[in-house]
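This report concerns only the one structure given below.
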Number of protein chains: 2
Amino acid sequence: MSTAPTKTKSRGKGRVTLEDIAKLLNISAITVSRALNSPEKVSDKVRIKIETAVSELGYIPNRAAKSLATNRTNTIAVVIPSISNTVFSNVIKGIYDVCTPADLDVLFANTYYSTQKEESLIAKLLTQHPDGIIITGLDLSDKSKKLLNNAAIPIVQIMETGYKDPIDMNVGISHFGAGKMMGEYLVARKYQHIGFIGAQMDFRSQRRMSGFLTALNNAGLEATDYILTTKAASSVKLGGQLIADILTTHPQIDAVFCNNDDIAYGAIYECQRRQLQIPQQIAIAGFNDLDASACINPSLTTIKTPLYEMGSTAAQLLVKRIKNQPIDNTCIDLGVELKARDSA
Amino acid sequence: MSTAPTKTKSRGKGRVTLEDIAKLLNISAITVSRALNSPEKVSDKVRIKIETAVSELGYIPNRAAKSLATNRTNTIAVVIPSISNTVFSNVIKGIYDVCTPADLDVLFANTYYSTQKEESLIAKLLTQHPDGIIITGLDLSDKSKKLLNNAAIPIVQIMETGYKDPIDMNVGISHFGAGKMMGEYLVARKYQHIGFIGAQMDFRSQRRMSGFLTALNNAGLEATDYILTTKAASSVKLGGQLIADILTTHPQIDAVFCNNDDIAYGAIYECQRRQLQIPQQIAIAGFNDLDASACINPSLTTIKTPLYEMGSTAAQLLVKRIKNQPIDNTCIDLGVELKARDSA
DNA sequence: ACATAAAATGTTAGCGCTAACATTTGGGGT
DNA sequence: ACCCCAAATGTTAGCGCTAACATTTTATGT
């Protein structure tokens, strides 16, 4: 009845194994393994025979078996709040671009901005015994920290730095500093009623706001009235709603710092609809300097964050540690840059 | 000298194993395994002892060993052109939201829109022996197809459908149909000189253009003069450049279909800078209906594509096949919707 | 031709887990 | 007290690969 090849092996889907190749060529499995993993240790004659057989039989190595035997997985885990956020797509690209040539697989997990999910996710990720882990933020629960410490693998915490000591390594920027920078810029521009709108108010957004308010306070401005934030997910649409709301309650506002560029785009569009001149009647500033920020009208004054570099630098640190190479600095602040454009 | 716990085992990082827990409690490893994987098979008394020990010792199961023993990985692989593209972030979210509750890990690979990379990536992914695979597009090289067929796992091809037969399952939309739909809409609106600009002209973009041109031809319009495309990566900035270029060479153009919303945003911004009234002097249309498209001024006429649904539906098909559940339709067209807004 | 090192290949065992079967234990029912 | 069956637990072996050591083959110098 069946046309499927009947194997004598009790379990297994009948995939081609090293053993199969070895038997076919009348050599031992370890020679086949060596031909594939360290070809210089095998004579050319045998190596070529093996390579031919491998390609003819369509042999595909089994990573699980390799991992079990070597106690290495060639995988790193990445824990981020949201994969569908443009900010993190850039970070991820940086991670990929470093890991791919280093032959490291990347496993992602989304926390959806939930500390609780973070714990279970970390536990689940560790199940894969990754060779290293990249995790967003410095605020980890004690349980998460314990899990990570027990894993005894290199860890890089990314996105922010300076706020508290990392578990292991750290690559990021100072969000407090970045917020303060923008606050000081708007103060220097003589705006009188400076507001703040923000969505997805995670720890880093809160610190940006905190730095921002510090700058206003230092300048003797009372800013606490002009704050409107939500924990809801950030979007362009929400930016429009937030600015609409804050302008309704506080029409005197003449400048707004948006906690990210998406919110700022929405704010700009809404102001346009209300025929408000930017920046003459109201100034708008953003955060991150996404691709579109230089193109929108008016071009957006924002803070450029090294998203791609945070990912690539973190991945480089991991690769070095995995390869036991020396690392001179395990705590890296990549800095930010204020892009003064037309909107503020 | 050393404070590290010296294990008798020759290899291994000294992680806690099932065996360790079993020895501690004077029971067998398989009972511990059962307590964790099918608790109903173990008496409450023993189960509770095990659970306590597991949590105290910080035991984390080893997936590699489990995979090797069960010949299942609980992992699916996803092959997409680019992870940093907003379009795919939405698709990915759909995949995640289905796979996470089904306890399936997701492994990503980027082809960067290169067929050649696709082949090596597929080979590398199969190394992990995923339980299923989601792959972008219907155009796969013979080598890729052979690899996938040999793997003997469920496969879902996503993003497009109808163009050619899938290897296994298929979830997507008709890009030709979507392009034609937009062409017919602009024709019905009596535009006379209708152009097309596009970046990242992959297979699907080409088919959108093809459908679009078919609609124009059917209406007796000559469109081939008003086409400007590039293989360069799509971006808002590039949208501005493309429309600038095509308006320089063909100032008579009165409507432009952009191959995606990013390009359309850039085109809108550039037209604003040139003081061109949209849609009075020039109409702009996009593709995908990203979040911002309803907010931008003027709001963008575009084609809404079921990005999230393509991801979630594909993942659902995979989950069903992995669990051997019946599937009624293995080839699903999710359809598109033309969002007529102010820009065209 | 022969000793000797180096290169190539092989043997054995075990990584941590679970499938399949084997055995023991614990409740009823009479 | 006895049997019977089901529930609970254990034993054995093997998934596919590679580390570590063992052995064979080949090249090199004299």
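The values are calculated or read from the model by the stated rules, or taken from the named source; none is laboratory data. In this text, all values refer to a predicted model and were calculated from it rather than measured experimentally. Using ideal geometry, Cβ is built from the backbone for each residue, glycine included, and neighbour counts are taken over all protein chains shown.
Look at (1) touching a residue at least 24 places away in the same chain (Cβ under 8 Å); (2) over 27 Å from residue B:233 (Cβ atoms); (3) small (Gly, Ala, Ser) and you find that residue B:82 fails only one, number (2). The residue list B:109, B:65 contains one member that is within 15 Å of DNA strand C (Cβ to nearest atom) and either over 26 Å from the mean Cα position of the chain (by Cα) or farther than 18 Å from residue B:322 by Cα (or both), which is B:65. Annotation: of all residues in the range A:208-243 being in contact with a strand residue (DSSP E or B) (Cβ under 7 Å, 6 or more places away or on another chain), outside any loop (DSSP other than H, G, I, E, B) and more than 14 Å from chain B (Cβ to nearest Cβ), the one that is farthest from residue B:292 (Cα to Cα) is A:216. Just one of the listed residues (B:81, B:5, B:39) is surrounded by fewer than 12 Cβ atoms within 10 Å (Cβ to Cβ) and modelled with pLDDT under 95, namely B:5. Residues in the range B:249-265 include none that are free of Cβ contacts under 8 Å to residues at least 60 places away in the same chain, touching a Gly at 6+ places or on another chain (Cβ under 7 Å) and more than 19 Å from residue B:279 (Cβ to Cβ).
I'd like to check something: does the range B:242-254 contain any residue that is outside the structural domain of residue B:113 (by TED's automatic domain parsing), touching a Cys at 6+ places or on another chain (Cβ under 8 Å) and among the hydroxyl-bearing types (Ser, Thr, Tyr)? Within the range B:242-254, not a single residue is outside the structural domain of residue B:113 (by TED's automatic domain parsing), touching a Cys at 6+ places or on another chain (Cβ under 8 Å) and among the hydroxyl-bearing types (Ser, Thr, Tyr). A single member of B:67, B:89 is farther than 21 Å from residue A:100 by Cβ, at the interface with chain A (Cβ under 10 Å from one of its Cβ atoms) and buried (at least 22 other Cβ atoms within 10 Å of the Cβ), and it is B:67.
Here is a yes/no grid of residues against (1) modelled with pLDDT under 90; (2) of a type in the set (Phe, Trp, Tyr); (3) in the same structural domain as residue B:323 (by TED's automatic domain parsing):
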{"site": "B:116", "(1), (2), (3)": "yes, no, yes"}
{"site": "B:134", "(1), (2), (3)": "no, no, yes"}
{"site": "B:142", "(1), (2), (3)": "no, no, yes"}
{"site": "B:149", "(1), (2), (3)": "yes, no, yes"}
{"site": "B:152", "(1), (2), (3)": "yes, no, yes"}
{"site": "B:158", "(1), (2), (3)": "no, no, yes"}
{"site": "B:166", "(1), (2), (3)": "no, no, yes"}
{"site": "B:169", "(1), (2), (3)": "no, no, yes"}
{"site": "B:188", "(1), (2), (3)": "no, no, no"}
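Check whether at least one residue in the range B:191-200 is outside any helix (DSSP H, G or I), out of contact with any strand residue (DSSP E or B) (no Cβ under 6 Å at 6 or more places or on another chain) and at positive phi, and report yes or no. The answer is yes; a qualifying residue exists. Is there a residue in the range B:91-102 that is closer than 22 Å to residue B:304 by Cα and acidic (Asp, Glu)? Looking through the range B:91-102, at least one residue is closer than 22 Å to residue B:304 by Cα and acidic (Asp, Glu). Residues in the range A:154-190 that are part of a helix (DSSP H, G or I) and of a type in the set (A, V, I, L, M, F, W, C) were compared, and the one that is farthest from the other protein chains (Cβ to nearest Cβ) is A:187.
Sub-7 Å Cβ pairs linking a first residue in the range B:201-228 that is in the same structural domain as residue B:255 (by TED's automatic domain parsing) to a second residue that is acidic (Asp, Glu), at least 6 apart or interchain, are B:203/B:139; B:204/B:160; B:215/B:184; B:228/B:245, ordered by first then second residue. When restricted to residues that are closer than 26 Å to residue A:69 by Cα and either out of contact with any Asp or Glu (no Cβ under 8 Å at 6 or more places or on another chain) or away from DNA strand C (no atom under 12 Å from the Cβ) (or both), the range B:33-47 contains 4.
Among the candidates A:30, A:50, the residue that is over 26 Å from residue B:69 (Cβ atoms) and either within 11 Å of DNA strand C (Cβ to nearest atom) or assigned by TED's automatic domain parsing to the domain that holds residue A:291 (or both) is uniquely A:50. Of B:97, B:105, all but one fail to be surrounded by 19 or more Cβ atoms within 10 Å (Cβ to Cβ), modelled with pLDDT under 95 and assigned by TED's automatic domain parsing to the domain that holds residue B:156; the exception is B:105. For residue B:33, indicate whether it is modelled with pLDDT of 95 or more, more than 30 Å from residue B:155 (Cβ to Cβ) and either more than 9 Å from DNA strand D (Cβ to nearest atom) or not aromatic (Phe, Trp, Tyr) (or both). The answer is yes for residue B:33.
For (1) surrounded by fewer than 22 Cβ atoms within 10 Å (Cβ to Cβ); (2) in contact with a helix residue (DSSP H, G or I) (Cβ under 9 Å, 6 or more places away or on another chain); (3) on the phi < 0 side of the Ramachandran plot, each residue gets a yes or a no:
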{"position": "A:110", "(1), (2), (3)": "no, yes, yes"}
{"position": "A:120", "(1), (2), (3)": "yes, no, yes"}
{"position": "A:149", "(1), (2), (3)": "yes, no, yes"}
{"position": "A:152", "(1), (2), (3)": "yes, no, no"}
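The residues in the range A:237-268 that are surrounded by fewer than 24 Cβ atoms within 10 Å (Cβ to Cβ) and of a type in the set (Val, Ile, Thr) can be counted, and the count is 4. Go through the range A:124-143 and give me each residue that's within 13 Å of another protein chain (Cβ to nearest Cβ) and either of a type in the set (Lys, Arg) or over 13 Å from residue A:78 (Cα atoms) (or both). Correct list: A:124, A:127, A:143.
Just one of the listed residues (A:342, A:328, A:333, A:289) is among the charged types (D, E, K, R) and in contact with an Asp or Glu (Cβ under 8 Å, 6 or more places away or on another chain), and it is A:289.
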